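Here is the structure we will look at, set down as structure tokens.
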Amino acid sequence: MSDVRIGTSGWNYPSGSGTWNGIFYPAQPRRAGRNRNKFNELRFYAEHFDTVEINSTFYRVPTAATARSWAARTPANFEFSLKLYQKFTHPKMFEKATGGDASDLGQKDVDEFRAALDPIAGAGKLGALLAQFPASFKNDAESRAYLEILLQHFRDYRVAVELRHSSWSDQTAGTLQLLGEHGAAWVQIDEPKFTQSIRQSLDTDVRTFYYLRLHGRNAAQWWTHDKSEDRYNYLYSAEELKPFAEAAKAASKKVEKAYLYANNHFSAKSVANAAILKHEVGQELPGEYPREFLVRYPDLEGIVKELPFTLLDTPS
């Protein structure tokens, strides 16, 4: 049986309608003064889950100090999976956001990102790298060549590749061959399906490691929404989660590692679904959850432990 790790995509959602504050993170009293203690979200999160997927690395390459801080605030057996910087997978988005030129992508960019990983890898806490490509990334000769180069650059790490366009699943054998030659995992994704969306079976197609992401099924707000967080405003029912739990159990018999991340983060719905998934695969549910969380997600009553009091500020 492999090491199955279940967590959420991100841990810090401090604002907006879908904030986690006061839901998963206990409401904190306000304290005046520059040196007031700050509630440590990552430390609290790591009391409940043994892995997290970091999305902020898509928007900026973290400093070594930041990476060391992440490693220092988590237990020895905790693992981080990090999304590759947008310059590697979304060149147009990179150029729009930064004003830079994505065509100059080279070894310097690779080395910079690898250096950012060193504190986490050195602590033995690096899970996988997530190369998430946009729906416009189609299966053609140019894309395949680029993907092969990217996998070669990061060959020293577990790399999970998220492909969204149906052309990749239309030629499943070729896609699997390309990924398999580099030991990369083909990310299994659950999201609203449209005409050109990729089609997958949840099977463990690559024998290295397994990687599953649950984005929610909010089709109505997937492309049209007031705020980007609205896209992820979806709560999976216990019945909808059963196939993913079964997929994790099946994968655990075939690969060394399996990672499952819930990305439906609006109002900590990903936390609720990740906790249910842990329960469904027979894992313990450590940590304590605020009363407000259990009121919102009553399916977890009797499954998780309730925080017995209002948690006061915890030093960073």
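The values are calculated or read from the model by the stated rules, or taken from the named source; none is laboratory data. Quantities reported herein were computed from a predicted structural model and do not represent experimental measurements. Neighbour counts run over all protein chains shown; Cβ positions are idealised from the backbone, glycine included. Surface accessibility is based on the protein's heavy atoms, side chains included, excluding ligands, DNA and RNA. Shrake-Rupley method; radii C 1.70, N 1.55, O 1.52, S 1.80 Å.
Structure values in brief
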read-out	value
Flag if residue 120 is surrounded by 15 or more Cβ atoms within 10 Å (Cβ to Cβ), at pLDDT 95 or above, among the aliphatic types (A, V, I, L, M) and part of a helix (DSSP H, G or I)	yes
Exclusive hit being more than 24 Å from residue 260 (Cβ to Cβ), modelled with pLDDT of 95 or more and hydroxyl-bearing (Ser, Thr, Tyr), set 81, 103, 143	143
Residue among 89, 74 that alone is over 28 Å from residue 151 (Cα atoms) and crowded, with 19+ Cβ neighbours inside 10 Å	74
Qualifying residue in the range 144-153 (condition: of a type outside the set (A, V, I, L, M, F, W, C), touching a Lys or Arg at 6+ places or on another chain (Cβ under 9 Å) and open to solvent by 20 Å² or more (accessible area, probe 1.4 Å))	yes
Scope the range 127-143; condition part of a helix (DSSP H, G or I) and either surrounded by 14 or more Cβ atoms within 10 Å (Cβ to Cβ) or on the phi > 0 side of the Ramachandran plot (or both); matching residues	143
Qualifying residues in the range 1-13 (those that are part of a loop (DSSP other than H, G, I, E, B) and at pLDDT below 95) - the one farthest from residue 210 (Cα to Cα)	1
Conditions (1) touching a Leu at 6+ places or on another chain (Cβ under 7 Å); (2) part of a loop (DSSP other than H, G, I, E, B); (3) free of Cβ contacts under 8 Å to residues at least 40 places away in the same chain: number failed by residue 87	(2)
Which listed residue is polar (S, T, N, Q) and more than 30 Å from residue 133 (Cβ to Cβ), from 55, 12, 77	77
Single residue of 42, 82 found to be within 27 Å of residue 289 (Cβ to Cβ), in a helix (DSSP H, G or I) and open to solvent by less than 10 Å² (accessible area, probe 1.4 Å)	42
Helices (runs of 4 or more DSSP H) (entirely within the range 197-298) containing at least 2 residues that are under 23 Å from residue 83 (Cα atoms), open to solvent by less than 10 Å² (accessible area, probe 1.4 Å) and of a type in the set (A, V, I, L, M, F, W, C)	238-251, 269-280
Test: residue in the range 172-181 that is more than 30 Å from residue 72 (Cα to Cα) and open to solvent by less than 10 Å² (accessible area, probe 1.4 Å)	yes
Checking residue 301 against (1) open to solvent by less than 50 Å² (accessible area, probe 1.4 Å); (2) without any contact (Cβ under 8 Å) to a residue 60 or more places away in the chain, the condition it does not meet	(1)
